[in-house]
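Derivation of every value follows stated rules applied to the coordinates shown; laboratory data play no part. Just so it is clear, the model here is predicted, and its values are computed rather than measured. Glycine also receives a Cβ, built like all others from the backbone with ideal geometry; neighbour counts cover every protein chain displayed.
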Amino acid sequence: MEVVDYLMTSFFIALVLGKLGGFFSGAEVGTKTTFFISVKYLGYQGLRHITAFYESLFFLVAAFFSQKILLEIRKEKFFKGFLFYLSIFYFALINFLFDKIKENQLYFLGFSFNWLVSLILLLTIGGYFVYYFRSAILSFIKYYGQKIIKKINFRVKRKAS
């Protein structure tokens, strides 16, 4: 798992280059839009979302943060393999969010196949993170919950009768 963590930054950089190549070649076409950032693709009518370009920007941000997280793993603040699971979760999240504005989808049981697989990965890895970090999540909620409750004034003014 340690080796896989070191490969995640390269994985995201490869995704950035692949998505940019898909955008410039016209292989990944978005749906019709009136959004001011749009492009006309050859063979398609109307202006289209630049979905592959959007994804490449998000993957570029992921490459930057994966390098930062890798340094934290080397300081042993996270367990080995953490970056791998987080990267798969992030990849599935980006596919899940941008799948609805892509053209030419493969459908399975009435759902986009990529959307369905991304949803399964999000739920599985999300459940894993909630289980693994449950004590940290509960202490975070308890600490900030108490701070919020202290700031809210719960006194009720009584009307004079």
Calculated FRET value between residue 27 and residue 151, using beta carbons and R₀ = 30 Å, to 0.05: 0.05
Under DSSP loop assignment and at most 16 Cβ neighbours within 10 Å, longest GluC sites (Glu not before Pro)-free interval of the chain: 1-75
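Cross-link list 32/68; 19/100; 77/100; 19/40: which exceed 25 angstrom alpha carbon to alpha carbon? Walk me through the numbers before you get to the answer.
Values: 32/68 37 Å; 19/100 17 Å; 77/100 36 Å; 19/40 17 Å.
Cα-Cα > 25 Å for 32/68; 77/100; rest within.
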Cα convex hull volume per residue for the chain (Å³): 230
Dipole of the chain, positive end: most advanced residue of 131, 63, 83 [Cβ charges, Cα centre]: 131
Projected label distance in nm at residue 105 and residue 74, using a 7 Å step from Cα toward the beta-carbon: 4.1
Nitroxide proxy distance, nm - points 7 Å out along Cα→Cβ at residue 67 and residue 130: 3.4
Segment 18-161, dipole about Cα centre (Lys/Arg Cβ +1, Asp/Glu Cβ -1), debye to the nearest 20: 1340
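Can you compute the FRET efficiency between residue 17 and residue 142 using 1/(1 + (r/R0)^6), with r the Cβ-Cβ distance and R0 = 30 Å? Round to the nearest 0.05. Walk me through the numbers on the way to the answer.
Numbers: r = 44 Å, r/R0 = 1.46.
Working from the Cβ atoms, E equals 0.10.
Can you put 117, 29, 130 in order of Cβ neighbours within 10 angstrom, beginning with the fewest?
130, 117, 29
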Dipole magnitude (debye, nearest 20) for segment 1-92, charges at Cβ of Lys, Arg, Asp, Glu: 200
